[in-house]
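Asker: The structure follows.
Every number here is computed from the coordinates shown, using simple stated rules; none is lab data. Everything quoted here is computed from the prediction, not taken from an experiment. Positions of Cβ are backbone-derived with ideal geometry, glycine not excepted, and every protein chain shown enters the neighbour counts.
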Amino acid sequence: MPQSYLDEVRQPGQTVNNLFAFLGIVVDTLEPDRAVLRLPFRPALTQGAGVVAGGVLATLLDETMAHAVLGGNQPGERTTTVDLSVSYLRAVKPGSDLSCEARVIKRGGRVLFVEATASSDNREVARATASFLLLA
């Protein structure tokens, strides 16, 4: 991913990442092998039982991990998620913003291992691990 993308995605009102714009995701920190993204609460993120949908959490976790990876990639390196495992620890109540932090644990020759935690109201609500493949 070009450095220009990483610079632009940090900007308020960015237009380089349509998913972030659609969901309202904000980049708080983006550095080599670490990222922190925030998702302000919106009622549209809740499912029928009135809590934030698990798929929304999984998306936030995956995107935060992907951006931790992107922040440490060399120019021209591309990656893709090949495995994602999410553990949901507690429901996210309506009105609660989400924050997610991810770290690259190991950069192998072609496979990267990443971990993330999502929090709401200073309580961990979900954890994830993922593998990313470095594309040639």
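Asker: Among Y5, G108, H67, whose Cα sits farthest toward the positive end of the charge dipole of the stretch 3-135 (+1 at Cβ of Lys/Arg, -1 at Cβ of Asp/Glu, about the Cα centre)?
Answerer: Of the listed residues, the answer is G108.
Asker: By how many nm would the segment from R110 to S87 grow when fully extended, if each residue of separation counts as 0.36 nm and the alpha-carbon distance is taken off? Don't jump to the answer; show the numbers that get you there.
Answerer: Working: separation 23, 0.36 × 23 = 8.28 nm, distance 2.54 nm.
Working it through step by step, the gained length comes to 5.7 nm.
Asker: When the Karplus curve 6.51 cos²θ - 1.76 cosθ + 1.60 is applied with θ = phi - 60°, which whole-Hz ³J(HN,Hα) does each residue of the stretch 24-39 get, with x for Gly and Pro?
Answerer: x, 5, 10, 8, 8, 9, 9, 9, x, 6, 8, 8, 10, 10, 10, 10
Asker: Could you please rank S87, S131, placing first whichever residue has the fewest other Cβ atoms within 10 Å of its Cβ?
Answerer: Least crowded to most crowded, the residues run S87, S131.
Asker: Here's a follow-up. Which value, in nm² and rounded to one decimal, describes the direction-averaged projected area of the C-alpha convex hull of the chain? Could the numbers behind the result be given before it?
Answerer: On the way: hull surface 31.1 nm².
With the hull built on Cα positions only, its mean projection is 7.8 nm².
Asker: Below 11 angstrom from the Cβ of G24, what's the summed charge of the other residues (Lys, Arg +1; Asp, Glu -1)? Mind showing how you got there, number by number?
Answerer: Numbers: positive: R38, R42; negative: D97.
Summing Lys/Arg as +1 and Asp/Glu as -1 gives +1.
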